[in-house]
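Chemist: First the structure, which I've put down as structure tokens, then a few questions once you've had a look.
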Amino acid sequence: MSTNKVRVRFAPSPTGGLHLGGVRTVLFNYLFAKQNGGDFILRIEDTDQTRFVPGAEEYIFNTLKWCGLEPDESPLHGGPYAPYRQSERKPMYREYAEKLVQDGYAYYAFDTSEELEEMRSTYKTEANPSPQYNHVLREKMRNSLTLSEDEVRRLLSEGAPHVIRIKLPMNEEVTFTDLIRGEVSFHTSQVDDKVLLKADGMPTYHLAVVIDDYLMKITHAFRGEEWLPSAPVHVLLWKYLFGLENMPQWAHLPLILKPDGNGKLSKRDGDRLGFPVFAMDWTDPRNNEQTTGFRERGFLPEAFVNMLAMLGWNDGSGQEIFTLDELVKSFSLSRVHKGGAKFDYEKAKWFNSEWIKRLPIASYRDTVKTFFDAKGIVVDDKFDHVLELVKDRCTLLSDFVAQASFFFQNPVEIDINAVKPKWDEKKQQFFAELIRAFELTPQWQHDDLEKEFKEMAAAHQIKPGDLMMPLRVMLVGGKFGPGVFDIAALIGKEATIARIKHALGLLS
Ligand code: GLU
């Protein structure tokens, strides 16, 4: 193991919104770095210009910021190994690719796309429907392994379009130790001769990831399990270019599975199954397709991060609620599961409701207010008090609107049918008198209101319980909400009386 300072990287390609699996990769990188006094680097892997999506990079920065997982080095924050955007590092990569060719580990390939297409259709069989450019077929193609040296020199000097491909050894076992999976082996006959440098001089991900991990002195590389099949190519490149010296330790994180455990949770599943899979709202600029985010659904970043940490990890004690600081202390790679982690939206919401209860209102009042603003509900200076009263009833930050809008405006609808069946003349009289008594109440305080109400109920010989529900429906619009006298006290004398009057009108 290297004794260098721990340096980890999150290396996304800016191709769209960040899926929760991506944010979990960020989180595990971050936790490991902070736990070891190391650096967390954000590197943008944008070498595939055809997949570049405008706005995706800002989205990544904003997501990390929202989650409180800010990198130490990035295209935004700068750092000693800048630039942190691979497209800006383009000139660095060619010399490494050329060196691989000189050393016999890579070769020039001049095949046109038509020739590649022809190869695929000629060698296609039922058993092998998509033949790959590999140790067998490279012998049949136009490359520096099959053409004469003179011919290669001529093509290069004429500027013939070409790529550089890795020359996978025919019969070798590539083995490395994954921090989560232990020893992992691949047989090179199963791996194709991946392109390392494209015709436009841009490296592919495979070459760039290895060179940048080397140049940026990355010690540990955490990434999703979907990258495991690429690992042998990366290990071979490390061997050919740097003699495996200071190769990062790999950790391939388990997949996040659909709630029923059937396969990987994909970007499309969220909207199909009714829950978000992206961290924040994302609008694809290519087709204007919108995808909902956890943030806009009303998740707190503390809950989102906590929930992600538990997707594939636990500390063994049964504790489920963790602050980020606690996660930094408790996280250990040895307790990350190998198997996929099922995503459970109900559980995610449970984390959120717990965090709503735990955090001070001040930490989320502004976000909650945006939900009121969006509905055109104007709040006033009792806002914090109201949020405190109803927070135990809210699972999502957006729930505050339904739970509290009646504090700031008359209920839009009154569920009068909840009251009607048991309504009678006696009750009608009680409320008419209550209005008069409330009008004269000098102190508009919870305890005084409750006392007055109960005394009057006793005088009318009606059980207070039979009157509280109607009063609640009159003030709130339905059978929900915090204590009814808390509500009356907060909305004030005028609104309380007006709402009772309005409801009596509906009932008579
Ligand atoms: N650019 C790759 C991605 O988009 C990074 C994989 C890795 O971390 O090596 O996920």
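Chemist: From the square roots a ≥ b ≥ c of the eigenvalues of the alpha-carbon gyration tensor of the stretch 183-226, which class results: rounded (a/c under 1.5), prolate (a/b over b/c), or oblate?
Modeler: Values: a/c = 2.28, a/b = 1.07, b/c = 2.14.
Cα axes put the stretch 183-226 in the oblate bin.
Chemist: Applying the Karplus parametrisation 6.51 cos²θ - 1.76 cosθ + 1.60 with θ = phi - 60° to the phi angles of the stretch 227-236, what ³J(HN,Hα) value in whole Hz is obtained for each residue in order, glycine and proline being reported as x?
Modeler: Residue by residue, the stretch 227-236 yields 8, 4, x, 7, 4, x, 5, 5, 5, 5 Hz.
Chemist: Run through every distinct alpha carbon pair of the chain and return the Kirkwood hydrodynamic radius in angstroms, one decimal place. Provide the component values of the computation, followed by the final result.
Modeler: Numbers: mean 1/r = 0.0366 Å⁻¹.
That comes to 27.3 Å for the chain.
Chemist: Any idea how far apart D325 and N36 come out in nm if each label point goes 7 Å out from Cα toward Cβ?
Modeler: Going by the 7 Å Cα→Cβ label model, 2.4 nm.
Chemist: Where the accessible area of the chain is counted over protein heavy atoms with a 1.4 Å probe, how much of it, in %, is carbon and sulfur? Please report the intermediate quantities before stating the final value.
Modeler: Details: 11410 of 23560 Å².
For the chain, the apolar C and S fraction of the accessible surface comes to 48 percent.
Chemist: Run through the stretch 235-299 and list the trypsin sites (Lys or Arg not before Pro) located in a DSSP loop whose Cβ has at most 11 other Cβ atoms within 10 Å. Each step should come with its number before you reach the end.
Modeler: Values: sites: K239, K264, K267, R268, R272, R286, R295, R297; in loops: K267, R268, R286.
Taking the stretch 235-299 and a limit of 11 other Cβ atoms within 10 Å, the loop trypsin sites (Lys or Arg not before Pro) found are R268, R286.
Chemist: Now for a separate question. With a ≥ b ≥ c the root eigenvalues of the C-alpha gyration tensor of the stretch 425-508, is it rounded (a/c under 1.5), prolate (a/b larger than b/c) or oblate? Before the final figure, lay out the partial values.
Modeler: Values: a/c = 1.25, a/b = 1.06, b/c = 1.17.
Since a/c stays below 1.5, the shape of the stretch 425-508 is classed as rounded.
Chemist: Continuing with this model, one more query. Please compare each pair in K347/K454; K140/K198; K264/K479; K5/K194; K267/K347 to a cut-off of 30 Å on the Cα-Cα distance and tell me which ones are over it.
Modeler: Details: K347/K454 41 Å; K140/K198 20 Å; K264/K479 41 Å; K5/K194 32 Å; K267/K347 19 Å.
The pairs that break the limit, which is 30 Å between Cα atoms, are K347/K454; K264/K479; K5/K194.
Chemist: Which shape class applies to the stretch 312-389: rounded if a/c is under 1.5, otherwise prolate when a/b exceeds b/c and oblate if not, where a ≥ b ≥ c are the square roots of the Cα gyration tensor eigenvalues? Please list the in-between numbers first.
Modeler: Details: a/c = 3.48, a/b = 2.33, b/c = 1.49.
It comes out prolate by the Cα gyration axes.
Chemist: If I model a spin label at K357 and R153 as a point 7 Å from the Cα along the Cα→Cβ vector, what separation in nanometres do I get?
Modeler: In this crude spin-label approximation the distance works out to 7.9 nm.
Chemist: Given charges of +1 on the Cβ of Lys and Arg and -1 on the Cβ of Asp and Glu, with all other atoms neutral, how large is the dipole of the chain about its Cα centre, in debye to the nearest 20?
Modeler: Details: 63 positive and 73 negative charges, 157 e Å.
For the chain, the charge dipole is close to 760 debye.
Chemist: How large are Rg and Dmax for the stretch 177-268 when calculated on the C-alpha trace, in angstrom?
Modeler: Using the Cα atoms of the stretch 177-268, the pair Rg, Dmax is 14.8, 44 Å.
Chemist: Across bins of 5 angstrom width beginning at 0, how are the C-alpha pair distances of the stretch 357-406 distributed, in whole percent?
Modeler: Final binned percentages: 4, 22, 42, 25, 7, 1.
Chemist: Could I ask something else about it? Where in the stretch 197-277 are there GluC sites (Glu not before Pro) that are in a DSSP coil and have at most 13 other Cβ atoms within 10 angstrom of their Cβ? It would help to have the intermediate numbers written out before the result.
Modeler: On the way: sites: E225, E226, E245; in loops: E245.
The qualifying sites are E245.
Chemist: Given the protein chains as shown and a 1.4 Å probe, how many square angstrom of R94 are accessible, to the nearest 10?
Modeler: The accessible area of R94 comes to roughly 80 Å².
Chemist: Give the long-range amide H neighbours of N143: residues separated by 5 or more places, or on another chain, with amide H under 5 Å away, using H modelled in the peptide plane at 1.01 Å from N.
Modeler: Here the answer is F110, since their amide H atoms fall under 5 Å of that of N143.
Chemist: Short version: ³J(HN,Hα) in whole Hz for each residue of the stretch 416-428, in order, from phi by Karplus 6.51 cos²θ - 1.76 cosθ + 1.60 (θ = phi - 60°), x for Gly and Pro, what are they?
Modeler: Working through the residues one at a time gives 5, 5, 6, 9, 3, x, 9, 7, 8, 4, 4, 5, 4 Hz.
Chemist: Want the number for E95 to K454: 0.36 nm per residue separation, take away the alpha-carbon distance, what's left?
Modeler: On the way: separation 359, 0.36 × 359 = 129.24 nm, distance 8.69 nm.
So the extension gain works out to 120.6 nm.
Chemist: Can you say what percent of the DSSP beta bridges in the chain, counting only those with both residues inside, are antiparallel? Round to 5.
Modeler: Working: 20 of 36 bridges.
Antiparallel: roughly 55 percent of the beta bridges in the chain.
Chemist: If you don't mind, there's one more thing I want to ask. Between E289 and Q49, what length comes free when the chain is fully extended (0.36 nm per residue of separation minus the Cα-Cα distance, one decimal in nm)?
Modeler: 84.3 nm
Chemist: Just going by the charge dipole of the chain, with Lys and Arg at +1 and Asp and Glu at -1 on Cβ, which of I500, N29, Q86 is farthest out on the positive end?
Modeler: Positive-most Cα among the choices belongs to I500.
Chemist: Less than 13 Å Cβ to Cβ from G21, Lys/Arg counted +1 and Asp/Glu -1: what total charge do the surrounding residues give? The partial results should precede the final answer.
Modeler: Values: positive: R24, R223, K258, K264, K267, K342; negative: E225, E226, D269.
Counting the neighbours of G21, the net charge comes to +3.
Chemist: In addition: Angle check, please: helix 365-374 long axis (alpha carbons) against the longest principal axis of the chain (alpha carbons), in degrees 0 to 90, nearest 10.
Modeler: Once rounded, one gets 80 degrees.
Chemist: Across the Cα atoms of the stretch 1-112, what radius of gyration and what greatest pairwise Cα-Cα distance (Dmax) are found, in Å?
Modeler: Rg, Dmax (Cα atoms, Å): 16.4, 49.
Chemist: While we're here: Bin all alpha-carbon pair distances of the stretch 256-310 at 10 Å intervals from 0 and give each bin's fraction as a whole percent.
Modeler: Using 10 Å bins, I get a P(r) of 22, 51, 25, 2 for the stretch 256-310.
Chemist: Which value, in debye to the nearest 20, describes the size of the charge dipole of the stretch 277-386 about its Cα centre when Lys and Arg Cβ atoms bear +1, Asp and Glu Cβ atoms bear -1, and nothing else is charged? All intermediate terms of the calculation are to be shown ahead of the outcome.
Modeler: Numbers: 15 positive and 17 negative charges, 62 e Å.
The dipole magnitude comes to about 300 debye.
Chemist: From the backbone phi of the stretch 57-62, what are the Karplus-calculated ³J(HN,Hα) couplings (6.51 cos²θ - 1.76 cosθ + 1.60, θ = phi - 60°) in whole Hz, Gly and Pro given as x?
Modeler: 5, 4, 4, 5, 4, 5
Chemist: Give me the compactness ratio for the stretch 109-202, meaning the Cα radius of gyration over 2.2 N^0.38 Å.
Modeler: Values: Rg = 15.8 Å, N = 94, 2.2 N^0.38 = 12.4 Å.
Working it through for the stretch 109-202, the quotient is 1.28.
Chemist: How about the stretch 127-185: which GluC sites (Glu not before Pro) there are in a DSSP loop, with at most 16 other Cβ atoms within 10 Å of their Cβ?
Modeler: Values: sites: E139, E149, E151, E158, E172, E173, E183; in loops: E158, E172.
Listed in order of number, the matching sites are E158, E172.
Chemist: Looking at the stretch 33-178 from every direction and averaging, what is the projected area of its Cα convex hull in nm²? Walk me through the numbers before you get to the answer.
Modeler: Details: hull surface 54.3 nm².
Spelled out: convex hull of the Cα atoms, projected over all directions, averaged, 13.6 nm².
Chemist: Once Rh for the stretch 333-447 is found with the Kirkwood sum over Cα pairs, what is the Stokes-Einstein diffusion coefficient at 4 °C and 1.567 mPa s, in µm²/s?
Modeler: Working: Rh = 18.0 Å.
In µm²/s, the coefficient is 72.
Chemist: Taking 0.36 nm per residue of separation and subtracting the Cα-Cα distance, what length does fully extending W423 through T175 add? Please list the in-between numbers first.
Modeler: Details: separation 248, 0.36 × 248 = 89.28 nm, distance 7.85 nm.
Full extension of this stretch gives 81.4 nm more.
Chemist: Next question, about the same structure. Along the charge dipole of the chain, pointing to its positive end and built from +1/-1 on Cβ of Lys, Arg, Asp and Glu, which listed residue (P254, Q49, T175) has its Cα farthest out?
Modeler: The one lying farthest along the dipole's positive direction is P254.
Chemist: 5 Å is the cut-off here: which amide hydrogens, built 1.01 Å from N in the peptide plane, fall below it relative to L179, excluding neighbours closer than 5 in sequence?
Modeler: W250, A251, H252
Chemist: Just read off the accessible area of D447 with the full protein assembly in place, 1.4 Å probe, to the nearest 10 Å².
Modeler: The accessible area comes out at roughly 110 Å².
Chemist: Sequence-distant or interchain residues sharing an amide H contact under 5 Å with F278, placed H: which?
Modeler: Amide H neighbours of F278: F294.
The values are calculated or read from the model by the stated rules, or taken from the named source; none is laboratory data. Because the structure is a prediction, the values reported are computed rather than measured. We place every Cβ from the backbone using ideal geometry, glycine too, and count neighbours over all the protein chains shown. SASA here: full protein model, heavy atoms, side chains in, ligands and nucleic acids out. Shrake-Rupley method; radii C 1.70, N 1.55, O 1.52, S 1.80 Å.
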